[in-house]
Structure formats: structure tokens, C-alpha cells
Amino acid sequence: MIETENMKILILGGTREARLLAEDPHFPQQARFIFSLAGVTQAPDLPQGQTRLGGFGGVEGLIAYLERENIAAVIDATHPFAARISHHAATACAATCRPILRLGRPAWQRQPGDHWVDVASMDDAVPALGVEPRRVLLTTGRQHVAPFIKAPQHYYFLRSIEPVSQDLPRFFETIIARPPFKLEDELALLTRLKIDVLVTKNSGAPAIAAKLDAARRLGLRVIMINRPLLPPIGEVSTVEGAIKWVARLASVHLESRQM
Ligand code: NAP
């Protein structure tokens, strides 16, 4: 067995792209991955292969993990709003001289006919809704309702994949639904619920982009929460790009072992 078969890549998951990378049949045979999730979802969608769940314990914990598990490189394929783990991973890799790549998604771009209001954070989304009562579709995640609870003049429909664990005030209704969402369904939902405003993070995920097309068609305002600052590391936007990066690393690794 050649030594490069042991080259371990830590994939930090939490996105569809992370899973597609781990399941890609072209993932180089000279490398193998450990797929990591934060463990916040009840029924995580895990790929075949080695997986782990739960935080590492901050930067120090991640450094210790990388060294203990002899991880050769890290692919950060976390959600663009999961900034903390991305910063931790970049810091831990810099501190231990390990290569790191981000598998990201391009942000959604405003199109003609859009009525987007760009805001920098979830907190800034609340004043952007205005003082007049609105019917709001919230697609910002079940963990981020607190800022909206402070604006009870609006009526909120909170859409999430998993049920909300906390009790919500009477001006909230929940919708449990799993992407992908189709344009005709989004149009029907926005119309049936008489939505005035959509609130979303700019995740860039294709599976949930139909709501933006629907909002444009219906002339609805969209409060677009812009992405947090992520660490300046190399980035690709396709699974294929990430696989090429692993293949290059594996061949350099092999050459260095044969010298
Ligand atoms: P976050 O604020 O960046 O991270 C919080 C903590 O969770 C991290 O400090 C780390 O704990 C742990 N963690 C996060 N991702 C991890 C991973 N892949 N493997 C192991 N530990 C991880 O992240 P978040 O916004 O809470 O999101 C948590 C997870 O859900 C992420 O993996 C993300 O990709 C996914 N997700 C997030 C969003 C979103 O909108 N934020 C949406 C969809 C999916 P330690 O410090 O203890 O290591």
C-alpha cells in the first residue's frame, strides 16, 4: 500500500456542496476524507465514509484534532454564514502549516426588476422592514428569530427545515419545508400567504433561489442579508475545482514521499 492512501482531508460540511464533494466518484483515490458536521441538525444527511459530529472546541481544539488525526489538508465547505468555523479553520491551518481551500458558492446577484434592500446583519433586517405592519416570509433559519420578536407589528411566517425548538409569540407561524423549492410553489406560497416582504440571507444556494424569482415576479421587497466577512483563503466554487485541488495535493504528497 502506498503511503499517500493515508492522506486525510478534513471536509467541514453543512452544505449540499460538501456532501456532493464527499460523494463524488472522482474524489482522488490517493486521499480519503473525514466529513465533519457541527451536529446541530436532528437528522443530518451524512455521506458514506468516515464522519464525525460536533464542534472541535475552538481553534485550539481544531489544531489538536488536525494533529491527532494527521489531517493533511482542510476543505471548508461550510455555509457562507457559518463565519466562526471558517475563521477557526483558517487560523488553525495557518498555525499548523496545512493547506486549506474554501468550497464556496457565488452570492446571488440583483437582477433587473428586483426590489432588494441590502443589510449587513440579521439585526439590521428588522428596521429595514419599516414601522408599518407587514406580512413577512422569514427564511433566515430557525435559530435567528430573536431580532424579529422585537418588532411585533409585523406578522411572520418562519420557514425552516426542522421545527423551531423555542416557543414563538402569536405573531409567528411556522412552515416546515425541505428544499429544493420550485418557482410555481414559491409563487403559490407568497400569494396564498399574502406576503409583502421576504427576508433572506444571501446564501447563493441554487435549491432555494426560486423564492427570489417569485418575489421579482410579484414585485415584492426582499431584505437581503449580506454575507459576513470570511477569511482570505483560496476558494473554488465547484466540486470539480475542489477535486482538482485534492488531486494536486495528492500528487505533490506522493512525489515528496518518493524522493
Ligand atoms: P458557526 O457559527 O460558524 O460555528 C459555530 C460552531 O459550530 C463552531 O465554532 C464549531 O464549534 C462548530 N462547527 C460549525 N461547523 C462545524 C463543522 N462542519 N464541523 C464541526 N464543528 C462545526 O456555524 P453556524 O452558523 O452555527 O452553523 C453550524 C453548521 O450549520 C455549519 O457547519 C454550517 O455549515 C451549517 N449551516 C449553517 C447555516 C447558517 O446560516 N449559519 C445554514 C445552513 C447550514 P467549535 O468552535 O467547538 O469547533
- Using the alpha-carbon centroid of each, what span in Å lies between segment 85-110 and segment 211-242? 17 Å
- If you put +1 on each Lys and Arg Cβ and -1 on each Asp and Glu Cβ, how big is the dipole of the chain around its Cα centre, in Debye rounded to 20? 460 debye
- Query: Which one of 241, 121, 175 is farthest out on the positive end of the charge dipole of the chain, using unit charges on Cβ (Lys, Arg +1; Asp, Glu -1) and the Cα centre as origin?
  - Reply: 175
- Identify the chymotrypsin sites (Phe, Trp or Tyr not before Pro) of segment 160-235 meeting these criteria: DSSP loop state and at most 16 other C-beta atoms within 10 Å of the C-beta. 171
- Message: At 1.4 Å probe size, with the rest of the protein present, what percent of the exposed accessible area of the chain is carbon and sulfur atoms?
- Response: 53 percent
- Note on the structure: By the mean-Cβ-within-10 Å protection proxy, highest first, 57-68, 11-22, 77-88 rank as 11-22, 77-88, 57-68
- Query: For segment 42-189, what is Rg from Cα atoms divided by 2.2 N^0.38 Å, rounded to two decimals?
  - Reply: 1.32
- Item | Check: segment 1-103 dipole with +1 on Lys, Arg Cβ and -1 on Asp, Glu Cβ, in debye | 180 debye
- Task: At 1.4 Å probe size, with every protein chain present, just tell me what the per residue accessible area of segment 115-225 comes to in Å².
- Result: 48 Å²
- Message: Positive end of the dipole of the chain, charges at C-beta (+1 Lys, Arg; -1 Asp, Glu), about the Cα centre: which of 57, 188, 205 has its Cα farthest in that direction?
- Response: 188
- Per DSSP H run of at least 4 residues, take -39500 (n - 2.57); add these up for the chain, divide by its residues and hand me the 222 nm value, nearest 500 deg cm²/dmol. -9500 deg cm²/dmol
- Query: Can you tell me the accessible area per residue over segment 12-108, all protein chains present, probe 1.4 angstrom, in square angstrom?
  - Reply: 47 Å²
- Task: Relative to the longest principal axis of the C-alpha atoms of the chain, give the angle of the C-alpha long axis of helix 239-258, reported between 0 and 90° and rounded to the nearest 10°.
- Result: 20 degrees
- Item | All Cα pairs of the chain, percent lying beyond 23 Å | 56 percent
- Task: Count neighbours as other Cβ atoms within 10 Å of each site's Cβ, and list the trypsin sites (Lys or Arg not before Pro) in segment 91-156 that are DSSP loop with at most 12 such neighbours.
- Result: 150
- Query: Where nothing but the Cβ of Lys and Arg (+1) and of Asp and Glu (-1) is charged, how large is the charge dipole of segment 115-225 around its Cα centre, in debye to the nearest 20?
  - Reply: 200 debye
- Task: At q = 0.12, 0.15, 0.17 Å⁻¹, what is the base-10 log of I(q)/I(0) for segment 115-225 according to the Debye formula with one equal point scatterer per Cα and no solvent? Please give it to two decimals.
- Result: -0.36, -0.57, -0.76
- Message: To test your reading of the geometry: what angle, between 0 and 90 degrees and rounded to tens, separates the Cα axis of helix 58-68 from the longest principal axis of the chain?
- Response: 30 degrees
- Hydrodynamic calc, segment 25-94: Kirkwood Rh from Cα pairs, then Stokes-Einstein at 20 °C with viscosity 1.002 mPa s, so D in µm² s⁻¹ is 162 µm²/s
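The values are calculated or read from the model by the stated rules, or taken from the named source; none is laboratory data. Computed from a predicted structure; not experimentally measured. In this analysis, Cβ positions are derived from the backbone assuming ideal geometry, glycine residues included, and neighbour counts consider all displayed protein chains. Protein only, heavy atoms only, side chains kept; ligands, DNA and RNA dropped before computing areas. Shrake-Rupley method; radii C 1.70, N 1.55, O 1.52, S 1.80 Å.
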